[in-house]
Amino acid sequence: MEETDYHQQEEDRWIKDAAEELKRRALRNDFDALAIVAPPKALGVLKKCLHKEVEKRVICTVDKEMTGRPIPDIEAMLDGQTRAEELPTV
């Protein structure tokens with residue numbers, strides 16, 4: 001018998017709640033663009049939960065753990081990520 005992972009259950013619940021909040025805000029047009037930074041497993045779960053209106057606004061996803069990092073570090077990482085995505089593929 002496998003032991004219940006309550007931490008994982010709570011994380012999955014939080015992700016679903018976050019997806020629901022993003023849906024509400026997207027339907028109210030609270031944002032035009034969205035960058036999502038999350039650990040790989042959490043990002044995979046979140047992507048499955050996103051409403052179509054949210055999906056249309058996602059401009060960048062980064063599967064990286066950034067918990068506790070200063071906001072300027074996250075902004076710099078996102079700036080580099082979005083610039084790389086704008087470059088044409090050679």
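We did not get these values from a lab; they are worked out from the coordinates using the rules stated. Computed from a predicted structure; not experimentally measured. So basically every Cβ, Gly included, is an ideal-geometry build from the backbone, and we count neighbours across all protein chains shown.
With an 8 Å cut-off on Cα pairs and a minimum separation of 6 or more residues, tell me the relative contact order of the chain in percent.
Computed over the chain, the figure is 28 percent.
Would you tally the net charge around Ala26, using a Cβ to Cβ cut-off of less than 12 Å, leaving Ala26 out, and scoring K and R as +1, D and E as -1?
Overall, the nearby charge balance is +1.
Give the aspartates and glutamates reachable from Lys48 as a straight Cα distance under 14 Å; neighbours fewer than 8 places away on the same chain don't count.
Asp12, Asp17, Glu20
Relative to the Cα centre, what is the charge dipole magnitude of the chain, using +1 at the beta carbon of each Lys and Arg, -1 at the beta carbon of each Asp and Glu, and rounding to the nearest 20 debye?
Dipole size: approximately 440 debye.
For a test of the definition: using alpha carbon positions, the gyration tensor, and the 1.5 limit on a/c, classify the range 1-68 as rounded, prolate or oblate.
Cα axes put the range 1-68 in the prolate bin.
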